Amino acid sequence: MLKILNSEQIKELDQFTIREEPISSIDLMERASRAFVSWFLERYDATQKVGIICGTGNNGGDGVAIARLLHEWNYPVKVWIVRGGVKESADFTANLKRLEKISVEEITKKAESNLFSDRTILIDAIFGSGLSRPVEGIYSNVIDCLNQCKAIKLSVDIPSGLMADQHSVGMVFQAHHTISFQLPKLAFIMPENQKFVGEWHLVDIGLSKKFLKEVEAPYSLTTLKSVKRILKPRSRFDHKGKYGHALLIAGSTGKMGACILSAKAALRSGLGLLTAHVPKNGYSIIQTAVPEAMATIDQSADYFSGREAEDFYDTIGIGPGLGQATESVKGLEEILQKFKKPLVIDADALNILFANPALQKLIPAGSILTPHPGEFVRIVGSWMNDFDRLEKLKELANRIQSVVILKGAYSAIATPDKKVFFNSTGNPGMASGGSGDVLTGILTSLLAQGYEPEKAAILGVYLHGLAGDLAAREKGQHSLIAGDIIDYLPHAFKKIV
């Protein structure tokens, strides 16, 4: 996992690296600046006119060093230094003295809107991750001018004005690309900050691996390496009985497609046996569309009204296309009362659950709930900003002692101990009907195979997104449908085996 540190921990990481490597702070700054420039050189040629706008702290020191290095590569570079009362850091001063043959202009009063108009690329190095209050005065004015420019805009480590780990107010630089040192910031993951962060990229600057291994962080980003550790190997002598038997309760008249997608995804995710419980009208549909699944029939012709939850099932996935009929509410209550193993709860089952508060107390510990943002607001109510929403997610997972997956870009997987794992796979093409049903099938399969709920959630969400990414490479994001995700699940598994 790639840990996401708060601003204080980032500072401690820098200091630990300086002390333990050992390396001087200005040499670490040089290393960071060279990493930024390496990223830059791969994407932009020396015909670009580069403007670098620096504060007088360490982020500004990075900017000044970047200017010198780009000049050495024959880029036409101009530097602006914003002087608004922030004291010069020692490393900024030292790097400023190293500048030669580069135009440097100081901004000490209100900037004109056309000040940067001749530059084709603007690099923001005004404030770093240590910012603790909204920008104001001349800094706000300069950032406003930069935001109005039509140039390509890049940020060094973090966009100026953006708080690393809390909601931001006031003027914030709007970057097309943010090149962050070593680790992402929590702010990068929040939807409200997309217009500031743009596309973010990580560059390795050799910060202490020992510190990163030992530091406690409530937030992490999944990586291919971490997911590889979760996936269980298979033995030549394994048989279907070893890979679980899941019950899928899904579908209603007009919504049997959800059941089919979920069932196919479950089977494509390594499940040994699957039984789908469907309304009478859905029996021939499921038997024809998914011949690998067994089926049981509900007493109702059109929707779920209840059934026995036998103990031989390793888990139950419930919700896709279920509907919210009164009989379905009673049926869900019966399942919750009798089946005490962790469940996967999605879609209409979630809506029923949180429309009937008494049912929430029956959720088996270790279950996995998968709301999308619309369902989540019905569960927890409104929120002030995305950081507030994140706190509500953690509180819900803790209260019901289950894993809650808030679906979307960087799907957030919250555990009962209030840790959150953000998923690093997936793309906007997956924002289409049925994608959530596919995820339910994957999670049901993994839980039935004996994965712990937390690991099932991390692995399942990663695989779901990876399959979507692989499908999008071939089909494009605009044409992606939920069935494509299932088709590319085998390719996703091959990537992580």
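Each reported figure results from applying straightforward, stated rules to the coordinates on display, with no laboratory input. Bear in mind that the values here come from a model prediction, so they are computed numbers and not experimental data. Every residue, glycine as well, gets a Cβ built from its backbone with ideal geometry; the counts of neighbours run over all protein chains shown.
Applying 1/(1 + (r/R0)^6) with R0 = 22 Å to the Cβ-Cβ distance of Thr288 and Lys340, what FRET efficiency is obtained, to the nearest 0.05? Write out the running numbers ahead of the final one.
Details: r = 34 Å, r/R0 = 1.54.
FRET efficiency, Thr288 to Lys340: 0.05.
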Hey, for a label at Glu199 modelled as a point 7 Å past Cα toward Cβ, could you say which residues of region 34-49 have their backbone N under 20 Å away?
35-49
Per principal axis, largest first, the Cα atoms of region 1-89 extend in Å by 39, 36, 24
Apply the Karplus curve 6.51 cos²θ - 1.76 cosθ + 1.60, θ = phi - 60°, to the phi angles in region 451-464 and return the couplings in whole Hz, x for Gly and Pro.
5, 4, x, 4, 5, 4, 5, 4, 5, x, 5, 5, 4, 4
Name the lysines eligible as straight-distance cross-link partners of Lys87: C-alpha to C-alpha under 24 Å, and not fewer than 8 places from it in the same chain.
Lys11, Lys78, Lys97, Lys109, Lys110
Step through the residues of region 29-46 one at a time and calculate ³J(HN,Hα) from phi using the Karplus curve (6.51 cos²θ - 1.76 cosθ + 1.60, θ = phi - 60°), rounding each to whole Hz and writing x for Gly and Pro.
4, 5, 5, 5, 5, 5, 5, 4, 5, 4, 4, 5, 4, 6, 10, 10, 8, 7
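For region 82-208, what value does the Rg/Rh ratio take when both radii are computed over Cα atoms and Rh is the Kirkwood radius, given to two decimals?
Working: Rg = 14.6 Å, Rh = 15.4 Å.
Value, to two decimals: 0.95.
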Here, Glu474 and Lys418, labelled 7 Å along Cα→Cβ, have an inter-label distance in nm of 4.5 nm
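Please work out whether region 226-268 counts as rounded, prolate or oblate from its C-alpha gyration tensor, where a ≥ b ≥ c are the square roots of the eigenvalues and a/c under 1.5 means rounded, while otherwise a/b larger than b/c means prolate and anything else oblate? Display every interim value, and only then the final one.
On the way: a/c = 3.73, a/b = 2.03, b/c = 1.83.
Note, shape of region 226-268 comes out prolate.
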Region 364-423: C-alpha gyration tensor shape, a/c 1.5 cut-off, then a/b vs b/c
rounded
Using bins 5 angstrom wide from zero, how does P(r) for region 348-393 break down, in % of all Cα pairs?
5, 19, 30, 25, 15, 6, 0
Amide H contacts of Gly323 (H built 1.01 Å from N, under 5 Å, at least 5 apart or other chain):
Asp348
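For the chain, what does the helix formula give at 222 nm: sum of -39500 (n - 2.57) over DSSP H segments with n ≥ 4, over the residue count, nearest 500 deg cm²/dmol?
Details: 20 runs with 208 residues, N = 497.
For the chain, the value works out to -12500 deg cm²/dmol.
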Name the aspartates and glutamates eligible as straight-distance cross-link partners of Lys209: C-alpha to C-alpha under 15 Å, and not fewer than 8 places from it in the same chain.
Glu12, Asp14, Glu20, Glu21
Fewest-first ranking of Val79, Val278, using other Cβ atoms within 10 Å as the exposure measure
Val79, Val278
For region 225-281, whose charge dipole is built from +1 on Lys and Arg Cβ atoms and -1 on Asp and Glu Cβ atoms, the candidate among Leu247, Leu267, Leu231 with its Cα farthest towards the positive end is Leu231
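Compute, for region 2-215, the length of the dipole vector about the Cα centre, with Cβ point charges of +1 (Lys, Arg) and -1 (Asp, Glu) only. Units Debye, rounded to 20.
Values: 25 positive and 27 negative charges, 43 e Å.
I would put it at about 200 debye.
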Among Ile316, Gly436, Pro134, which residue has its Cα furthest toward the positive end of the charge dipole of the chain, with +1 on Lys/Arg Cβ and -1 on Asp/Glu Cβ?
Ile316
Cβ charges +1 (Lys, Arg) and -1 (Asp, Glu), total dipole of the chain, debye:
660 debye
Hey, fewest Cβ within 10 Å first, where do Ser38, Ser220, Ser180 land in order?
Ser38, Ser220, Ser180
In debye to the nearest 20, the charge dipole size for region 224-496, taken about the Cα centre with +1 at each Lys and Arg Cβ and -1 at each Asp and Glu Cβ, equals 920 debye
Output the Cα-based Rg and Dmax of region 122-185 in Å, rounding Rg to one decimal and Dmax to a whole number.
10.9, 31
Where the centroid of each part is defined by its Cα atoms, how far is region 12-49 from region 291-347 in Å?
55 Å
Whole-Hz couplings from phi, Karplus 6.51/-1.76/1.60, listed for region 199-208; x for Gly and Pro:
8, 9, 9, 9, 10, 7, 10, x, 6, 4
Looking at region 215-306, what % of the alpha carbon pairs are farther apart than 18 Å?
55 percent
Along each principal axis, Cα extent of region 224-496, largest first, Å:
47, 45, 38
The equivalent-ellipsoid semi-axes of the chain, taken as the square roots of five times the Cα gyration tensor eigenvalues and listed largest first in whole Å, are 51, 21, 20
For helix 435-448, report the angle its Cα long axis makes with the longest principal axis of the Cα atoms of the chain; keep it between 0 and 90° and round to the nearest 10°.
70 degrees
Going by amide H atoms built from the backbone, whose H comes under 5 Å of the H on Met163, apart from near neighbours?
Ser168
Taking H placed 1.01 Å from N in the peptide plane, check which residues at least 5 places from Val344 or on another chain put their amide H under 5 Å from its amide H.
Ile316, Gly317, Ile318, Ile368
Cβ density ranking, 10 Å radius, fewest first, applied to Leu343, Leu28, Leu466 yields Leu28, Leu466, Leu343
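If you build the Cα gyration tensor of region 2-215 and take the root of 5 times each eigenvalue, what three semi-axes come out, in whole angstrom, biggest first? Can you show the working numbers first?
Numbers: eigenvalues 120, 80, 54 Å².
Each semi-axis is the square root of five times an eigenvalue, giving 25, 20, 17 Å.
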Ranking Gly170, Gly198, Trp80 by how far each Cα lies towards the positive end of the charge dipole of region 2-215 (+1 on Lys and Arg Cβ, -1 on Asp and Glu Cβ), the top one is Trp80
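Relative to the present Cα-Cα distance, how much length would full extension add between Lys228 and Thr326 at 0.36 nm per residue of separation? Mind dumping the intermediate values first?
On the way: separation 98, 0.36 × 98 = 35.28 nm, distance 4.32 nm.
Taking 0.36 nm per residue and subtracting the Cα distance, the gain is 31.0 nm.
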